[in-house]
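Please read the structure below before turning to the comments.
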Amino acid sequence: MRRLLLWMSGNRWMRRNLPRLWFARRAVRKFMPGESAEDALKAAETFKSSGIAVLFTRLGETLTYVGDADEVADAYARLLADAHARGVDAEASVKLTQLGFDFDPERTLSLVRRLADQAAAQEPARTVWLDMEGSAYTDQTIELYERLKETHANVGVCLQAYLKRTYSDVERLLPLAPRVRLVKGAYAEPPEIAYQSRREVDANYLALCVSMLAAKKGGRDLFLGLGTHDVRLIQQVADHAQSIGLDKSVFDVEMLYGIRTDQQKKLQKQGFTVRVLIAYGEAWYPWYMRRLAERPANVVFALRQLLP
Ligand code: FDA
């Protein structure tokens, strides 16, 4: 089921036609408050009272026209400025392919730098995150991150625990005082490069956290974001941190809008710093299909929208 849904996420015909179905449009509301930036901002404001911060992501990947990249970067810039004006603790998480990475990586680099400049100028300074896409982009994303780090402290990168290479990527990035969001990984990757079973992915996730916390304890400047809804794993990381004399403030917990909302509030009350990623935009289809693939029970929810 997971493989089928991930295949559907990349199918062009379905990408064009499924989002037109009314029940699909209704079902996607579970994971995003709406398509406009204003919808995302309003949702962010509702989290303010519970002490939960947000991350914005504008949906869409792989541009067909490079000029659209500027428009995407401008939209992020406006959103960060509006969030700041409304007193919302908001960061941005961008997909490089949506900023023209396939056409002109130098231009992508300068667009991210411009956003990072703006986020750094805010009081307090905010972070701009790079999402991690499929494995065809891992090397280039890490290289671009290294170049960004030469000029900006306030940039972070997402790494995926299902990739066997991630341990060495962490080692490579450690001297740069990285900001790392660790996720399990959302794409279909082959067994030569990625762990396939949940048990292996979870074990690698924990091992990566243990090694990053050890580096932190050893004096490295490193920020860790736990991008997962796996509360058991979050607790294991927190217990390990405590056992080596670090407290919860050394990492954030990051979850997606609409997933385990009860746990987001509970963790915040327990003293964890919680950040919710709010997605918006019209090009939600591939992103939504990856959410279904993570939990095929969501397909039943989507089909239930057919009922009156
Ligand atoms: P897991 O899938 O084991 O789920 C743990 C529990 O969480 C489940 O038992 C269920 O209760 C709940 N849950 C998880 N997914 C759900 C869903 N879709 N619907 C309902 N319940 C669900 N990936 C990537 O490759 N590149 C990236 O840049 C990012 N960025 C990113 C940012 C943030 C803030 C988050 C939270 C996630 C990502 N991801 C990502 C996605 C990530 O790789 C992964 O696919 C999902 O987080 C699901 O895995 P979990 O870690 O939640 O664990």
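The values are calculated or read from the model by the stated rules, or taken from the named source; none is laboratory data. In this text the structure is predicted, and so the values were computed from the model without any measurement. Here the Cβ positions follow ideal geometry from the backbone for every residue, glycine too, while neighbour counts run over all protein chains shown.
Quick check on A297: is it modelled with pLDDT of 80 or more, within 9 Å of the ligand (Cβ to nearest atom) and among the hydrophobic types (A, V, I, L, M, F, W, C)? It is false that A297 is modelled with pLDDT of 80 or more, within 9 Å of the ligand (Cβ to nearest atom) and among the hydrophobic types (A, V, I, L, M, F, W, C).
Consider I234 carefully, then state whether it is closer than 28 Å to R78 by Cβ, in contact (Cβ under 8 Å) with a residue 12 or more places away in the chain, buried (at least 16 other Cβ atoms within 10 Å of the Cβ) and within 14 Å of the ligand (Cβ to nearest atom). Taking the combined requirement at face value, the residue does not satisfy it. Considering A69, A44, A40, A73, the condition of being buried (at least 19 other Cβ atoms within 10 Å of the Cβ), farther than 27 Å from K266 by Cα, under 18 Å from the mean Cα position of the chain (by Cα) and hydrophobic (A, V, I, L, M, F, W, C) is satisfied by A73 alone. In region 99-127, how many residues are in contact (Cβ under 8 Å) with a residue 40 or more places away in the chain and within 23 Å of V54 (Cβ to Cβ)? Of the residues in that region, 8 qualify.
Contact map, region 20-34: residues that are in a helix (DSSP H, G or I) paired with residues that are more than 16 Å from the ligand (Cβ to nearest atom), Cβ distance under 6 Å, separation 6+ or inter-chain. Pairs shown: F23/L306; A24/L18. Checked against (1) in contact with a strand residue (DSSP E or B) (Cβ under 6 Å, 6 or more places away or on another chain); (2) part of a helix (DSSP H, G or I); (3) among the hydrophobic types (A, V, I, L, M, F, W, C); (4) within 12 Å of the ligand (Cβ to nearest atom), V201 passes all but a single condition, namely (1).
Considering A153, A186, the condition of being assigned to a loop (DSSP other than H, G, I, E, B) and within 12 Å of the ligand (Cβ to nearest atom) is satisfied by A186 alone. With the structure loaded, tell me whether V253 is at pLDDT 95 or above, more than 25 Å from R165 (Cα to Cα) and crowded, with 20+ Cβ neighbours inside 10 Å or whether it fails that test. When the stated conditions are applied, V253 does not pass them. Given the criterion β-branched (V, I, T) and over 29 Å from A153 (Cβ atoms), identify the matching residue among V210, V300, V274, V250. Among V210, V300, V274, V250, only V300 is β-branched (V, I, T) and over 29 Å from A153 (Cβ atoms). Selection of region 262-282 for residues being surrounded by fewer than 16 Cβ atoms within 10 Å (Cβ to Cβ) and either under 17 Å from A40 (Cα atoms) or under 15 Å from the mean Cα position of the chain (by Cα) (or both) yields only E282.
When S168 is tested against (1) assigned to a helix (DSSP H, G or I); (2) crowded, with 19+ Cβ neighbours inside 10 Å, exactly one condition is not met: (2). Residues that are within 19 Å of the chain's Cα centre (by Cα), without any contact (Cβ under 8 Å) to a residue 60 or more places away in the chain and surrounded by fewer than 20 Cβ atoms within 10 Å (Cβ to Cβ) within region 202-223 comprise D202, L206, listed in sequence order.
Could you tell me which residue of region 121-140 is farthest from the ligand (Cβ to nearest atom), considering only residues that are crowded, with 18+ Cβ neighbours inside 10 Å and not in a loop (DSSP other than H, G, I, E, B)? It would help to see each step written out before you state the result.
Start the filter on region 121-140 by keeping residues that are crowded, with 18+ Cβ neighbours inside 10 Å, which leaves 126-133, 135, 137-138.
Of the ones still in play, those that are also not in a loop (DSSP other than H, G, I, E, B) are 128-130, 135, 137-138.
Values: V128: 13, W129: 8, L130: 8, S135: 10, Y137: 10, T138: 10 Å.
Ranking the qualifying residues of region 121-140, first place goes to V128.
For region 88-104, the set of residues classified as out of contact with any helix residue (DSSP H, G or I) (no Cβ under 7 Å at 6 or more places or on another chain), more than 15 Å from the ligand (Cβ to nearest atom) and either of a type in the set (G, A, S) or not in a loop (DSSP other than H, G, I, E, B) (or both) is empty.
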